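Here's the structure we're looking at; comments come further down.
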Amino acid sequence: MPNRPVEIFVVDDDDAVRGSLCWLIESADYRAKGFATAEDLLAAFQPTAPGCIVTDVRMPGMSGIQLLDEILTRTRLIPVIVITAHGDIQMAVQAMKSGAFDFVEKPFEEKALLQVIERAAEESLRRHHQRDADGDLWSRLETLTPREHQVLERIVDGQSNRMVAEQLSIREKTVEAHRAHVMVKMDATSFADLVSRVVKGRITQDGGPRGPEND
């Protein structure tokens, strides 16, 4: 793809793998920065431009899942792709529930990984453009906790409080409380108003990231 103001952050404690990934990404005309640990990335992370994060799931110190959770508390504009080893299906499912944009299983095909990165980069660009077009909506979205965002996208998708509770493994009363907080934070006068605002801003499953699995 052509050069774009997009930066890809690679996190992997294996020097050879990290270097190889950065080379692959740069061969596709992206800028790439490599970090040996999640902590190193977080210390330098300033998401001022569109991009995405590609992280291994198993690393010394902070894991890829923990990094994902931390990123979602800082920004909703940078998708996170998680790389898992063969047999880590349960961990991949956890990553998706926690808000990962996608996961790629080792050993992966270079073309397949680049396709996922391209989709994530395009999504980041879209989120930045949408934020600029409707700053108030995104400003309100930024006030939601990761759990509130999970509840929001599911109720907008037409799920009942009971269905949301079952999916997120929380009590129905907890869903009701999160739903009430979302209504206030989004300044919605009714549920129909809330749905209209979210659909207009395209911040549901395809656009808005999901947060970690805790209340």
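The values are calculated or read from the model by the stated rules, or taken from the named source; none is laboratory data. Quick caveat: nothing in here was measured; it's all calculated off a predicted structure. Methodologically, a virtual Cβ is constructed for each residue, glycine included, from the backbone with ideal geometry; neighbour enumeration extends over all protein chains shown. Side chains are part of the model used for accessible areas, which takes the heavy atoms of the whole protein and leaves out ligands, DNA and RNA. Shrake-Rupley method; radii C 1.70, N 1.55, O 1.52, S 1.80 Å.
The table below gives the values:
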{"read-out": "Listing of helices (runs of 4 or more DSSP H) fully contained in segment 17-104 that carry 1 or more residues being of a type in the set (S, T, N, Q), open to solvent by less than 40 Å² (accessible area, probe 1.4 Å) and farther than 16 Å from ILE117 by Cβ", "value": "89-98"}
{"read-out": "The one condition in (1) within 28 Å of VAL54 (Cβ to Cβ); (2) open to solvent by less than 20 Å² (accessible area, probe 1.4 Å); (3) not β-branched (Val, Ile, Thr) that ASP157 fails to fulfil", "value": "(2)"}
{"read-out": "Long-range neighbours under 7 Å by Cβ, at least six apart or interchain, first residue closer than 14 Å to PHE35 by Cβ and hydrophobic (A, V, I, L, M, F, W, C) within segment 53-65, second in a loop (DSSP other than H, G, I, E, B) and open to solvent by less than 30 Å² (accessible area, probe 1.4 Å)", "value": "ILE53/ILE78"}
{"read-out": "In segment 112-139, residue most open to solvent (accessible area, probe 1.4 Å) [restricted to those that are at pLDDT 80 or above and among the charged types (D, E, K, R)]", "value": "ARG119"}
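Results for (1) of a type in the set (Ser, Thr, Tyr); (2) out of contact with any helix residue (DSSP H, G or I) (no Cβ under 8 Å at 6 or more places or on another chain); (3) over 20 Å from PHE191 (Cα atoms); (4) without any contact (Cβ under 8 Å) to a residue 60 or more places away in the chain, shown as yes or no for each residue.
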residue	(1), (2), (3), (4)
ILE81	no, no, yes, yes
GLU110	no, no, yes, no
GLN115	no, yes, yes, yes
LEU125	no, yes, yes, no
ASP136	no, yes, no, yes
THR143	yes, no, no, yes
ALA165	no, no, no, yes
